[in-house]
Amino acid sequence: MELIERFFSGDIRALSRVITLVENRADGFREILGQLSPKTGKAVKIGITGPPGAGKSTLVYCLASLLSSKGQKTGIIAVDPSSPFTGGALLGDRVRMGELSGANQVFFRSMASRGATGGLSSATDNVSAVLDAFGYQTILIETVGVGQVELDIIDNCDSVVVVVVPESGDAVQTMKAGLLEVADVLVVNKADRQGADSLAQELKHAISLKKISEESWRTKVMTTQADKSIGIEQLYELIQEHLGFIKANHQFDNHRREQIKKKILAILSHRFRREFLERLADRVDFEKIIDDVYRGKTDPYRISDRLYETFTHSQ
Ligand SMILES: Nc1nc2c(ncn2[C@@H]2O[C@H](COP(=O)(O)OP(=O)(O)OP(=O)(O)O)[C@@H](O)[C@H]2O)c(=O)[nH]1
Ligand SMILES: [Mg+2]
């Protein structure tokens, strides 16, 4: 049977194969994504982010268990587990997720930044589209920290859970890290540790002072103890509340439409950039140019103007 046929018949091995093809941007991956595209758009994407070791994977595991107990098929994407912070946890994640996927309808996939030639954010989005087309109803995406790549990934989610712990500092630290800005639900995990409640209070206070319009969602704060599965049902409810809120005032659709535009622009600019650089490499003697700049005959801006003119006016 054709790979795509097997995929649509619900064959998990075909799913893994398609994800690998898409992740590696192997020959034909665009056509495959094109075939899956009409089946996408149904899954809800939930981002879980926060500092290293905050308990993101533990929460993801708990949420996935809860969702599958509710009969929801759940896909999990753990982004960049090759980072020095997360490397150690990966094996543990695999074991945990392995137990879950054996017993229930959960699919776990980790994505490494190495090899993601088109960008990690784009690769994550494509893998998420594949899971969506396969029929996963909720996709949980775990990323560590908030660099630009992580922000792009998180921005692509419908709802974002930020996980902090007392060890990650006070409310000011959390705000400085930009974590408040991206959070729809802010979870103070490791509620068993000292300082968790006061951190949650501080964060609630900081959020209550934020001036936001009436149509905007105000970030909710809660505590969990993920390793004991405490607070998971409430977390689920808050995520649902947020989704309900943004659906009711069309922010859900508008946000998704914006993401489509961003995606098209990203594909285009990636292509323009690649083609432009290929043409440059073919026709320009860079050693000579570098020499000219090095010797002060010209400067990087002037030379760039000239190259730009040459290559945008000639085909
Ligand atoms: N005391 C305590 N420990 C917890 C709690 N939740 C998780 N942990 C522990 O914290 C450690 C890190 O948990 P992970 O879920 O791997 O954290 P993470 O944020 O995914 O970590 P990275 O992916 O490496 O950034 C593990 O040893 C967990 O068992 C909690 O509520 N209380
Ligand atoms: Mg983790």
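Which loop trypsin sites (Lys or Arg not before Pro) in the stretch 182-230, with loop taken from DSSP, have no more than 10 other Cβ atoms within 10 angstrom of their Cβ?
In loop regions of the stretch 182-230 (DSSP not H, G, I, E or B), the sparsely surrounded trypsin sites (Lys or Arg not before Pro) are 211.
Of 181, 31, 202, which is the most mobile in a GNM of the chain whose springs link Cα atoms less than 10 angstrom apart?
31
Just to be sure I understand: of the beta bridges DSSP finds with both ends in the chain, what percent are antiparallel, rounded to 5?
Given both bridge residues lie in the chain, the antiparallel proportion sits at roughly 5 percent.
How much length would be gained if the chain were fully extended between residue 290 and residue 69, taking 0.36 nm per residue of separation minus their Cα-Cα distance, in nm to one decimal?
73.3 nm
So for 29, 7, fewest C-beta neighbours within 10 Å to most, what's the order?
Going from least to most buried by this count: 29, 7.
Using +1 at the Cβ of each Lys and Arg and -1 at the Cβ of each Asp and Glu in the stretch 172-315, identify which of 207, 172, 310 lies farthest towards the dipole's positive end.
310
Rounded to the nearest Å, what's the spacing between the alpha carbon centres of the stretch 47-72 and the stretch 294-315? Just the number, please.
Using only Cα atoms, the two centres lie 51 Å from each other.
Quick check: the distance between the Cα centres of the stretch 125-174 and the stretch 245-266, to the nearest angstrom?
With the stretch 125-174 and the stretch 245-266 each reduced to a Cα centre, they are spaced 16 Å.
Treat every Asp and Glu Cβ in the chain as -1 and every Lys and Arg Cβ as +1, leave all other atoms uncharged, and give the resulting dipole magnitude about the Cα centre to the nearest 20 debye.
300
Over all pairs of distinct alpha carbons, what does the Kirkwood formula give as the hydrodynamic radius of the stretch 158-294, in Å?
Taking every pair of different Cα atoms in the stretch 158-294, averaging 1/r and inverting gives 18.4 Å.
Apply the Debye scattering formula to the stretch 265-313, with a single equal point scatterer on each alpha-carbon and no solvent, then give log10 I(q)/I(0) at q = 0.23, 0.25, 0.26 Å⁻¹.
Each listed q corresponds, in turn, to -0.89, -0.97, -1.01.
Rank 205, 250, 242 by mean-square fluctuation in a GNM of the chain with C-alpha springs under 10 angstrom and give only the top-ranked residue.
Result for the chain, Cα springs under 10 Å: 250 fluctuates most.
So which residue, out of 163, 284, 44, gets the largest mean-square fluctuation from a GNM of the chain using Cα contacts under 10 Å as springs?
The residue with the greatest mean-square fluctuation here is 284.
Can you tell me the Rg and the Dmax, both Å, for the Cα atoms in the chain?
Both quantities, over Cα of the chain: 22.4, 70 Å.
Under a point-charge model restricted to the Cβ atoms of Lys and Arg (+1) and Asp and Glu (-1), what is the dipole moment magnitude of the stretch 265-313 relative to its Cα centre, in debye to the nearest 20?
120
Can you sort 33, 59 so the residue with the fewest Cβ neighbours within 10 Å comes first?
The most exposed by this proxy come first: 33, 59.
For each pair in 56/262; 56/176; 70/210; 211/261; 45/210; 42/210, compute the distance between the two Cα atoms and list the pairs where it is over 24 Å.
56/262; 70/210; 211/261; 45/210; 42/210
Read the figures in this text as sums done on the coordinates, not as results from a lab. Please read all numbers here as calculations on a predicted model, not as lab measurements. Glycine also receives a Cβ, built like all others from the backbone with ideal geometry; neighbour counts cover every protein chain displayed.
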